[in-house]
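Right, one structure below, let's go through it.
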Amino acid sequence: MRLVSSVITVVLLVMARPVRADDDANKTAIFSTVDHVDYEPSSIGANRLIVTLSVLDLRGGIIADISPKVQVGGSKLDAPYAFGTFGATSADRAIIFVVQATPEYADTLPSIVSTLDQEVLGSLGEHTQVAILQYGDSTGSGKLGTVKTARGKLAQISPDASPSDPALLDTVDRALSLLPRAKPPIEGAPLRKMIVVISDGRDRSGDRDRVTRLGQRADKEGVRIHSFAYAPSKVRRPLLLLGELSKRSFGTFRFLYSGAAESWTPAFKQLREEIMQQYVLTYFVPADQDLAGKKVKVSIGGRVEATSQNELKVPELGCHGTPCAGYCTATACVVPVASGGRGAVGWILLVGGIAVGVIVVLGLVGFLISKRQQPIALPPGFVPPPGFVMPGTKPAGKAPKAKAPKPSKNAPVVAPPPQSGPSLMFIAGPRAGQRIYLRNGFLVGKAPASDLVIDDGYTSTNHAQIAIDASGNCNIYDRNSTNGTYVNGGQVNEALL
């Protein structure tokens, strides 16, 4: 989820805030863009606000070690948050590459094709839909498909022999029309969309107003246009068209002096990092704090300073674009089943069921006595603590308590050892900020004897248990709970924490 290209071979101009003569010399000139915002309920009782953010320097390199400050509705958001990168998530993306293939590009096309395939397409994973649109005096055909299919289509690009002016804007318009057809595996899930344009900026229409309209349309549809500008003829005025497309869509604009592979390689490496290393901020907001409809703006502090060029509205609370009465996992909305008390009818049914069960059990006693239950495998190095019970096993008999010797009146008072080691930290709810240190056999449930008592109507008496092996690794085991145990949004019977 970083590379700064050589200024000898590649000069990058990003359509961002201008660098003023009175800027602090110790501050790096950067710009940031809020790319997407999600707002969904989580399993810990708080709501998740997920902000994807691009932070680049004026040469297109990723800025590391940032200190983001998110404002929602004009107020600073004070909430615990997790910090990650786009490439580490399972989010999907759709990318259309618009490549000029006119006679002027005949000599440089081989370098473009080989470096684009090696530095970008070769690193995109299974969560990517790609299309290649070649253009000359007409718009080439193409559709979104797998990365493998796109690499084959890229290898087939050849120069157009027509000397007419190229149909750049028609091809960008076609790319914008193709992107709505990209569908994520889960309906309503977020989809990152972008268009990468490789061109000298010439267009047969010469319609400047259309350029502005296309850029604004891209921004409205959540599409970023990233331009790679190279003019073999050294006529650079048309390159302003590419800059306008990128500026209006909050994308990036890169200018290359040379058509050799040595110029395209660092530029495409930056694009790859911009795709994979985009920041993902996940804030955990109290459930009673409604953020829907408010605008999100991000300020960057620390070694570098910047404010996001754009603001995005927080969507309505829900999972993948639909309301959810429970909480969101990676694939669906989960509504927990409350474990309430039984009425009179419930007790009658319970007693009747027990009676029937006893009759069945008595008929199978001989079979059960002859069989021994297979023990559940424990993780390597795991040392069961006194009283630890694995799911499906019977608790051992209680060992007699040893009587502790009475301390001498003159014995010195010894302070208890400090707590250390693995711990649980509350990030939301009435106990937010508190930390509980774990022990081998740490029990979670609504039973008063549990190490962590949670009596909220959803937690079982003995809900889950945490084991610590000799190396300090922590494993959590579900104790046949009613509503299940979830780690990072996924239900587990056993998981390494």
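For the stretch 181-273, the mean projected area of the C-alpha convex hull, equal to one quarter of the hull surface, is 7.2 nm². Placing a label point 7 Å from the Cα of ASP117 along the Cα-to-Cβ direction, the residues of the stretch 136-158 whose backbone N falls under 15 Å from that point are 147-158. Full extension of the segment from THR482 to HIS127, taken as 0.36 nm per residue of separation minus the current Cα-Cα distance, would add 124.4 nm.
Computed FRET efficiency, Cβ-Cβ of ALA161 and ALA470, R0 56 Å: what is it to the nearest 0.05? The formula returns an efficiency of 0.20 here.
Let me know the shape class of the stretch 143-211, please: from the alpha-carbon gyration tensor, a ≥ b ≥ c as square roots of the eigenvalues, rounded when a/c is under 1.5, otherwise prolate if a/b is greater than b/c, or oblate. Oblate shape, in that a/c is at least 1.5 and b/c is the bigger or equal ratio. Going down the list LYS69/LYS193; LYS234/LYS313; LYS183/LYS313, which pairs span over 31 Å between their C-alpha atoms? Checking Cα-Cα distances, LYS234/LYS313 exceed 31 Å. Here's the picture: charge each Lys and Arg Cβ at +1 and each Asp and Glu Cβ at -1 in the stretch 239-315, and of THR307, LEU242, LEU281 the one pushed furthest to the positive end of that dipole is LEU242. Between amide H atoms placed 1.01 Å from N, distances below 5 Å from ARG192 occur with ASP92, ARG93, ALA94, all of them 5 or more places distant or on a separate chain. For ALA82 and LEU240, the difference between the fully extended length at 0.36 nm per residue and the C-alpha to C-alpha distance is 53.0 nm. The stretch 60-132 and the stretch 465-479 have Cα centres lying 38 Å from one another. Kirkwood-type hydrodynamic radius, the stretch 203-323: 17.6 Å, calculated from all non-identical alpha-carbon pairs.
For the peptides 464-474, 246-256, 431-441, residues were scored by their other Cβ atoms within 10 Å and the scores averaged per peptide; the highest-first order is 246-256, 464-474, 431-441. Shape class of the stretch 137-183 from the alpha-carbon gyration tensor: oblate, with a/c at 1.5 or above and b/c at least as large as a/b.
With the biggest extent put first, the Cα atoms of the stretch 35-76 measure 41, 22, 18 Å across the principal axes. Within 13 Å, Cβ to Cβ, of SER460, how many net charges do the neighbouring residues add up to if Lys/Arg are +1 and Asp/Glu are -1? Overall, the nearby charge balance is -1. The residues of the stretch 35-123 expose, per residue, 35 Å² of accessible area to a 1.4 Å probe.
For the stretch 38-105, the extents of the C-alpha atoms along the principal axes are 60, 27, 24 Å, listed from largest to smallest.
Working note: Karplus 6.51/-1.76/1.60 with θ = phi - 60° gives the stretch 315-321 the couplings x, 5, 5, x, 10, 6, x Hz, where Gly and Pro are set to x. Here the calculated FRET efficiency for ASP207 and ALA330, from their Cβ-Cβ distance with R0 = 45 Å, stands at 0.55, rounded to the nearest 0.05. Taking the average, over residues, of other Cβ atoms within 10 Å as the packing measure, peptides 182-188, 349-355 rank 182-188, 349-355 from highest down. Its Cα centre serving as origin, the stretch 201-307 has a Cβ charge dipole (Lys and Arg +1, Asp and Glu -1) of approximately 520 debye.
Per-atom-type breakdown for the stretch 237-284 gives carbon and sulfur 54% of the accessible area (1.4 Å probe, protein chains only). The stretch between ALA355 and ALA447 holds 30.4 nm of extra length on full extension. This uses 0.36 nm per residue minus the Cα-Cα distance.
The values are calculated or read from the model by the stated rules, or taken from the named source; none is laboratory data. Computed from a predicted structure; not experimentally measured. Neighbour counts run over all protein chains shown; Cβ positions are idealised from the backbone, glycine included. Note: accessible area is taken over every heavy atom of the protein model, side chains too, but ligands, DNA and RNA are not part of it. Shrake-Rupley method; radii C 1.70, N 1.55, O 1.52, S 1.80 Å.
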